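A short worksheet on the structure shown next.
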Amino acid sequence: TVRIPTPLRTLTGGADEVSADGATVRAVLDALEQKHPGMKERLLDEKGVRRFVNIYLGDEDIRFLDGLDT
């Protein structure tokens, strides 16, 4: 289950939570992009996760784990 913040809910038809499968955060984002086009563009840039975006796995920011490979 992925919780969607209010500014991104236009991409999910207003849903505040969506389901996506994947072994890593990168794989989950790829699955989200398939279901909700435009999601990756809003979250990622050429360097990875955009500076102003925080992605958590549980209570841990992925920046302090293995990044997109978490």
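Tabulated results
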item	result
Crossing angle, helix 25-35 versus the chain [Cα axis fit, 0-90 degrees, rounded to tens]	20
Within-12-Å neighbourhood charge of ARG26 [Cβ basis; K, R +1; D, E -1]	-3
Percent carbon-and-sulfur accessible area, the chain, ignoring ligands, DNA and RNA, probe 1.4 Å	48
For the chain, calculated [θ]222 nm from helices alone, where every DSSP H run of n ≥ 4 adds -39500 (n - 2.57)	-6000 deg cm²/dmol
Potential extension, THR24-THR6 segment - 0.36 nm per residue separation minus Cα distance	4.1 nm
Difference of contour (0.36 nm per residue) and Cα-Cα distance, LEU57 to GLU41	3.8 nm
Rounded if a/c under 1.5, otherwise prolate or oblate - the stretch 1-49, Cα gyration tensor axes	oblate
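The values are calculated or read from the model by the stated rules, or taken from the named source; none is laboratory data. Being a predicted model, the structure only gives us computed values, none of them experimental. Neighbour counts run over all protein chains shown; Cβ positions are idealised from the backbone, glycine included. Accessible surface is based on the protein model in full, side chains and every heavy atom, while ligands, DNA and RNA are left aside. Shrake-Rupley method; radii C 1.70, N 1.55, O 1.52, S 1.80 Å.
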